[in-house]
Every structure is written in structure tokens, then in C-alpha cells.
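Computed from the coordinates by the stated procedures, all read-outs in this text should not be read as laboratory data. As the structure is a prediction and not an experimental result, all values here were calculated from the model. As a convention, Cβ positions derive from the backbone with ideal geometry for all residues, glycine included, and neighbour counts pool all protein chains shown.
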Amino acid sequence: EKPIQLKIDNISAINLAKNPVSHGRSKHIEVKFHFLRDMVNKERIALVYCKTEVQLADLFTKPLKVDRFDSLKKSIGVVSLRHLT
């Protein structure tokens, strides 16, 4: 089985998951991050860098300007009902 690809636009988060460094700035990391790191170590999840401009998840997780919203909406294939008739 291939690992599930998780596309992330934060290089620091990817590096921390792959190579945990214990210092004051990473001390506050929650349990869910430790779970993610464990899944990366077991090769069940592969963290892949994805530019912010093409991060499709932003469509569902952030408030966006209209042009960015329309661009991402088009990228996943969402069309208006007017275009279907």
C-alpha cells in the first residue's frame, strides 16, 4: 500500500513532523500532532509540500476573496447550475 498524501503549505510543519526537534517553541504541540508524526514514521501518511496558491483545502477552511474562491472552485470542477442547462 502507498501512503496517503497529505498536502501541506507549511514547510516548517513538514520538517517538524519528519524530524522532531525538542525545543521551547515545539513544547506546546498537541496530541494530534504527535499522532501525525507517528503516522509519518510508520509510512501511512506522506507529507507533501503544496504551494499556498494551489491549496484546494482553503476553499473549505478559510474566508477567501471572490477571485480566489472562483479559481479554487473551478479547480475542483464546481460549476453553476446555469452552465448545466
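Each of residue 50 and residue 76 was given a label point 7 Å from its Cα along the Cα-to-Cβ line. The distance between the two points is 1.0 nm. Sequence-ordered 3J(HN,Hα) estimates for region 65-78 from the Karplus curve with 6.51, -1.76 and 1.60 and θ = phi - 60° stand at 5, 4, 5, 5, 4, 5, 5, 5, 4, 5, 4, 9, x, 7 Hz, glycine and proline given as x.
Here the 3J(HN,Hα) profile of region 33-38, calculated from phi with Karplus coefficients 6.51, -1.76 and 1.60 at θ = phi - 60°, is 5, 5, 5, 4, 4, 5 Hz, Gly and Pro shown as x. Taking 23 Å as the limit for the C-alpha separation, the pairs 2/73; 7/62; 18/65; 18/51 exceed it in the case of 2/73; 18/65.
Between residue 46 and 4, 5, 6, the built amide H atoms are under 5 Å apart, and every one of these is 5 or more places off in sequence or on another chain.
In this rough spin-label picture, where each label sits 7 Å from Cα along the Cβ direction, the residue 14-residue 68 distance is 2.0 nm.
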